[in-house]
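So the structure is just underneath, and the comments pick up after that.
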Amino acid sequence: MSVEIVGVRHYSPACARLVAARIAALRPRHVLIEGPSDFNARIDELALPHRLPIALYSYYASDEATHHCYAPFVEFSPEWAALVAGREVGAHVRFVDLPYHARAWRGESQRYDVAAWRGRDRYARAQASLAARCGVDGDDALWDHLFERGADPVDLQKQLSTYFHELRGDDAGDPADDAREAFMARYVAWAAAQGCDVVVVCGGWHEPAIERLWPSIGEVVDEPSLAPDASIARHGSFLVPYADRRLDALSGYGAGMPSPQYYRWLWRHGAEHAAQAAVRAVVARLRAKKQSVSTASLVAAQQRIDGLARLRGHAAPLRCDVLDGLADALVDGALDAPLPWTARERLRGDVDPRLREALLALTGEHEGLLDGATPQPPLVADVARLLALNDLEPGARTREFALDRRDTNDASRAIVLWRLHLLRISGYTLDGVDAPGAARGLAPDLAYLERWRVRRTDAAVAELIEAGAWGPDLATAARERLSERLAATGDPARLADGVVDAVRAGFADLGTRTLGALDAALARSHDHGALAAAGLRLASLAEQGFWRESLAAPLAPLLTALLARLTWLVEGIAGAQAPADAADIDAVRCIERVTRGDLPVDAHAASAALALLRRRSGDTDAPPALRGAAFGLLWRRRAQVAQHDVGAAARAMPNATTLGDFLSGLFALAREDVVASAELVAALDRGFVALGDDEFLVALPALRQAFAWFPPRERGELAATVARLHGAGAGTAHALTARLPVDVDAIGRARELERDVDAVLARYGLARTEIGA
Amino acid sequence: MKNKESATQRPPVELLHADELARLRKSDKDPRPPGWQLSLRAVRRFILGDNGKTPPKLVVPASLVDRAMVTLASNRALLLVGEPGTAKSLLSELLAAAISGDSTLTIQGGAATTEDQIKYAWNYALLLNEGPSPRALVPAPLYSGMQGGRLVRFEEITRCPPEVQDSLLSVLSERVLMVPELAGDDGRVFAQAGFNLIATANTRDRGVNEMSSALKRRFAFETVFPIADLDAELDLVRRESARLLATSGVPHAPPDDVLEVLVASFRELRNGVDGDGGGMERLASVLSTAEAVSVAYAVGLRGYYLRGDRGDAGDIVEALAGTAVKDNADDLKKVRRYLEQRVARREGAQWRAFYEARHRLPA
């Protein structure tokens, strides 16, 4: 009886070769592989003639949310090599890790979380000092340098073991590690108890721990298993097709691998060939994109590749040598970001496009394909169930639905359709929403009648299987897809659209993931006007709710984030002479609306916003309209600003035009207070009276714009106050704001004059086109 | 020699580290490219340090040094580009000292640089007396470097007029310098093994855009970035500011938490991303590690000589306004905004002190 534990790095060709060689040599009775043990009953599905890469998709749903993860397989995964070799020697092949639904895993969104790895302090330090000693940058380059150079398998196994023991040391690991290692060790003890040879293939991080643990466990008679916790509603695993680009660590899969195509060459043909193929692929891809890569520069690059390989002691150039060498041929200027392969992180946006293409050339374009006999993802069944339940099944003929959101039954049907719509499944089309017979004041976002068309299409089947990647059920998949969409937009208007879509699809509670995505999207937004418009729209949605559904609490974190971003942007608005801009005023209106107190936004963000407005109100660099609006808000809230301060600020405006702009902002925020304050009106009136005629004419457009904030009745009241001030006696408000009697000829002459002026402006190219036209 | 060295304000690298270089030469077993005084691996040990046996001379990625050396061993010249204060010149000096044992063959690029400062000039008295002769020729760095098979450094190459830059074209491709005034063999200087050129250029200046593409093709570009790792940068700032303060008679460096505030805020303002990943605007002024060192130095000086303490985060605000942001009003606004909106939320005594001192920014 012997137990051999082979610690591996996932997706390492060297480890895959080692595992295959050990299993062929030992011909063990048991091959135990790190993988979800609840899949063991169906492990033969992996032996079907699939085309790689494929992945094992696992999920579980608890009360709060659905979690899922992928465990991808490529031909050079050590786990895959173990599956193949184990079957060949007739061994019992099993996955021995905890099922995904095990409690200890809760909250880990992906199988191997890089952030968690980084958190392993000792691991990071050991890795960094090893890299420094070997003179390489980044974990990938270090691994290749140490192990992918084609060493003899016996040496390799010793070196790997030393390396992993050094990395792990006496680190106890986190609680998730603990639970998994205890479970795997128990499995090993069970297999060993049967008195036959065992080969264990597991991540190198776990090797030392399992080795230490299993002999102390004693005899285990029954095969270990773990029943799902009672709180888990659904759980399972199924196979999905995978693709090279999803495998590529750089395209976002946390603990994926960089450049799958390169490692495929390395696995199939060795380092020498892989290096040549890589150079060819990069050059071909760049030339296909019409980028010139001259022969001379290629010669120089090849020289550099060979030189670097020799310097670093590689018999044949490895990935980092090839890419470092090629950089010479690809870079002809200063870069904005470091060479992307020297650090392990997502491909940043500022990476040089030629370098990005070079990396993509090594990603590969292999797409996996499942054998026809493989069970389908649960989303397909979930959608079929929901469609039947709600009588929405598509037929050969188009079915039309008019669903009323005020009706509970219709609302739940609409939610299903919205979710399919969000997943972009064809055959479920939204024709429009409206609100027949509703009051004019109803916000468009609250339109309650949705018109849908449903029809069966061929594409829908394939699209549903693909959408299975977003989640095992319709709700999870649609939410996931929506949060990805939101994360990709930096445009506040589209962001607000997305939130409204989410509300309509029944995701009013956006969830931390989506909120995180929205936070990131907000940070990219630089247009305070658009942001304020979105904020006003969302604030009104939060206040009113969506047909019996209260939205104040769910939208509060988003409004807080939006408020913080808006605060940040408003700080930067400059221009002491800038004309009144609706965006500036909207920004203050949005701050006013959100901090009014009836929405549960974060108190710190709210007070920061008010502190900002206090600063800007006294800032002579700020546009007058912004200052006016800030004063208006603070005055209205009685927040350290009294009517006296407002009058003083207005008097301090350098000229009549800026005064008009200032008033635009002030009136937009504190209209009622102005009407109620006879003193302020009197002060303003004195200011206007003091203006010379020319000055007054110059100021007039800005003043008209400012006074347009008052509805006719309030304008009448103001007029009455002014009339009293000038001793003109009281007329009715209506009489005071009535149009002045002007004869038709005067209007005609004015029109003519305006037309002439426009023509002159157009002739000198000073007019905007719509005026000339 | 010893006396002379101690009186020198800033001895060249090969003198400063003469013992270390000699030791490396002695123990060097690896093959050396023709004309090199050290093997590539020994050069790497000299620059990046060697497990405590040799201290590291600067913080750069190892692969950058590898690429630079392999380029210099080939027939291509090396161009180091990057923001000011990223230690490009120091790297080129170290490479030249280690590879050729001489970092003084340096051409300082500028608007007034002319071809004779690069290639050769004449001793006019001899020239008038004897006519053109090898004796009358005054070699400039390029001539000496080619003749002696040594590395030549060209600082701030992009500050030279393009026509002066282009005078390097034939030298870099044919590796021969023509002296048309002299006849026979004296009229041609063939580059000896070991000759190559390291140029540096500043992205903030004129950039490399005005460089002719013919010249660009003859260079391998390496971009030098600010130090990527917070701890490494903190370490460097601590070490260097302590050294500078010691020369000014200040016995201790600013406290660690003050330096942390300094380096963290520099990094945030430099990258335009705050500690929580939120977006901000990056400053137009250069906030290099070198600037961080000089701010830390100023903080230490203020604390010690004005108040008798070790300096606090409040001092950073004034030093920041004076040394880093200089006269850029826009940047001043960005700093103020950063203090008001980002720093306000931070916890920790020094972050608070940093925030409380915001009124010390010039209005």
Margin query: Just want the answer: with Cβ charges of +1 for Lys and Arg and -1 for Asp and Glu, which residue in A:605, A:323, A:134 is farthest toward the dipole's positive end in chain A?
Written below: A:323
Item checked: 0 to 90° range, to nearest 10: angle between helix A:175-192 axis and chain A longest Cα axis -> 20 degrees
Next item on the list: With label points built 7 Å along Cα→Cβ from the Cα atoms of residue B:128 and residue A:221, find their separation and express it in nm.
Entry: 11.4 nm
Notebook entry, point to check: If R0 is 35 Å, what FRET efficiency do you get for residue A:767 and residue A:685 from their C-beta distance, rounded to 0.05?
Noted result: 0.50
Notebook entry, point to check: Assigning unit charges at the beta carbon (Lys, Arg +1; Asp, Glu -1) and nothing else, what dipole magnitude in debye, to the nearest 20, does the stretch A:1-99 show about its Cα centre?
Noted result: 540 debye
Note to self: Can you tell me the orientation of helix B:62-73 relative to chain B, as the angle in degrees between its alpha-carbon axis and the longest Cα principal axis, to the nearest 10?
What the structure shows: 10 degrees
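Please give the FRET efficiency for residue A:721 paired with residue A:574, using the beta carbon to beta carbon distance and R0 = 30 Å, rounded to the nearest 0.05. Intermediate results must be reported in sequence, preceding the final value.
On the way: r = 35 Å, r/R0 = 1.18.
Using R0 = 30 Å, I get an efficiency of 0.25.
Relative contact order for the stretch B:230-360 using alpha-carbon pairs under 8 Å, separation at least 6, rounded to a whole percent?
Values: 170 pairs, mean separation 31.8, N = 131.
That works out to 24 percent.
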Check: Which residue, B:106, B:223, B:54, has the most motion in a Gaussian network model of chain B that connects Cα atoms within less than 10 Å?
Finding: B:54
Item checked: Dipole magnitude of the stretch A:377-479, debye to nearest 20 (Cβ charges: Lys/Arg +1, Asp/Glu -1, about Cα centre) -> 100 debye
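Taking the Cα centre as origin and putting +1 on Lys and Arg beta-carbons and -1 on Asp and Glu beta-carbons, what dipole magnitude results for the stretch B:2-224, to the nearest 20 debye? Don't jump to the answer; show the numbers that get you there.
Details: 28 positive and 25 negative charges, 176 e Å.
With only Lys, Arg, Asp and Glu charged at Cβ, the dipole is about 840 debye.
With both bridge residues required to lie in chain B, what share of the DSSP beta bridges run antiparallel, to the nearest 5%?
Numbers: 7 of 25 bridges.
Restricted to chain B, the bridges split so that about 30 percent are antiparallel.
Under 9 Å from the Cβ of residue A:331, count the other residues' Cβ atoms, weight Lys and Arg +1, Asp and Glu -1, and hand me the total.
Values: positive: A:354; negative: A:328, A:332, A:352, B:222.
Residues close to residue A:331 contribute a combined charge of -3.
Which whole-number percent gives the relative contact order of the stretch A:549-707, counting Cα pairs below 8 Å spaced six or more residues apart? Before the final figure, lay out each step's value.
Details: 208 pairs, mean separation 37.1, N = 159.
That works out to 23 percent.
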Check: Could you give the radius of gyration (one decimal) and Dmax (whole number) of the Cα atoms in chain A, in Å?
Finding: 34.5, 113
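How big is the Rg/Rh ratio for the stretch A:376-525, C-alpha atoms only, Rh by Kirkwood, two decimals?
On the way: Rg = 15.7 Å, Rh = 16.1 Å.
Using Cα coordinates only, the ratio equals 0.98.
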Margin query: Under 14 Å from a point placed 7 Å out from the Cα of residue A:491 along the Cα-to-Cβ direction: which residues of the stretch A:534-577 have their backbone N that close?
Written below: A:534
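If you count, for every residue in A:605-611, the Cβ atoms of partner chains within 10 Å of its Cβ, what is the mean? Please report the intermediate quantities before stating the final value.
Details: counts 1, 0, 0, 4, 0, 0, 3.
Neighbouring Cβ atoms belonging to other protein chains average 1 per residue here.
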Note to self: Compute the distance from the alpha-carbon center of the stretch A:149-198 to that of the stretch A:302-321, in whole Å.
What the structure shows: 32 Å
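Using a 10 Å cut-off on Cβ to Cβ distances, tally the other chain neighbours for every residue of B:54-66 and report the average as a whole number. Can you show the working numbers first?
Numbers: counts 0, 0, 1, 0, 0, 0, 1, 9, 11, 16, 5, 2, 11.
What the average comes to for B:54-66 is 4.
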Note to self: Rg and Dmax in Å for the stretch A:3-242, alpha carbons only: what are they?
What the structure shows: 17.5, 51
Note to self: With θ taken as phi - 60° and the coefficients 6.51, -1.76 and 1.60, list the Karplus ³J(HN,Hα) couplings across the stretch B:19-32 in order, rounded to whole Hz; mark glycine and proline as x.
What the structure shows: 5, 5, 5, 4, 5, 4, 4, 5, 8, 6, 9, 6, x, 10
Check: Volume per residue, Å³, of the convex hull around the alpha-carbon atoms of the stretch B:1-142?
Finding: 177 Å³
Notebook entry, point to check: Using a Gaussian network model of chain B with C-alpha springs under 10 Å, which one of B:347, B:155, B:222 is most mobile by mean-square fluctuation?
Noted result: B:347
Check: How far apart, in nm, are the 7 Å Cα→Cβ label points at residue B:273 and residue B:213?
Finding: 3.3 nm
Next item on the list: With springs connecting C-alpha atoms under 10 Å apart, model chain B as a Gaussian network and identify which of B:143, B:304, B:124 has the largest mean-square fluctuation.
Entry: B:124
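222 nm [θ] for chain A, helices only, -39500 (n - 2.57) per DSSP H run of 4+, per residue, to 500? Walk me through the intermediate numbers first.
Values: 33 runs with 422 residues, N = 773.
Calculated mean residue ellipticity at 222 nm is -17000 deg cm²/dmol.
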Note to self: Using Cα-Cα distances under 8 Å and only pairs 6 or more residues apart, what relative contact order does chain A have, in percent?
What the structure shows: 9 percent
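From the helices alone, meaning DSSP H stretches of at least four residues, give me the mean residue ellipticity at 222 nm for chain B, per-run term -39500 (n - 2.57), in deg cm²/dmol to the nearest 500.
Details: 18 runs with 164 residues, N = 363.
After summing the helix terms and dividing by the residues of chain B, the value is -13000 deg cm²/dmol.
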Notebook entry, point to check: What FRET efficiency, computed as 1/(1 + (r/R0)^6) with R0 = 25 Å and r the Cβ-Cβ distance, is obtained for residue A:451 and residue A:540, rounded to the nearest 0.05?
Noted result: 0.55
Notebook entry, point to check: How many nm separate the modelled label positions at residue B:22 and residue A:740, each set 7 Å beyond the Cα in the direction of the Cβ?
Noted result: 9.9 nm
Margin query: Using only Cα atoms and rounding to the nearest 10 degrees, what angle (0 to 90) does helix A:121-134 make with the longest principal axis of chain A?
Written below: 70 degrees
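Using 0.36 nm per residue of separation minus the Cα-Cα distance, give me the extension gain between residue A:396 and residue A:424 in nm, one decimal.
On the way: separation 28, 0.36 × 28 = 10.08 nm, distance 1.92 nm.
Computed gain between residue A:396 and residue A:424 is 8.2 nm.
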Notebook entry, point to check: For the protein assembly as shown, what is the percent of antiparallel DSSP beta bridges, rounded to the nearest 5?
Noted result: 55 percent
Check: What is the sum of charges around residue A:633, taking Lys and Arg as +1, Asp and Glu as -1, for the other residues whose C-beta is under 9 Å from the C-beta of residue A:633?
Finding: +2
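Read the figures in this text as sums done on the coordinates, not as results from a lab. These numbers were taken from a predicted model, which means no experiment stands behind them. Glycine also receives a Cβ, built like all others from the backbone with ideal geometry; neighbour counts cover every protein chain displayed.
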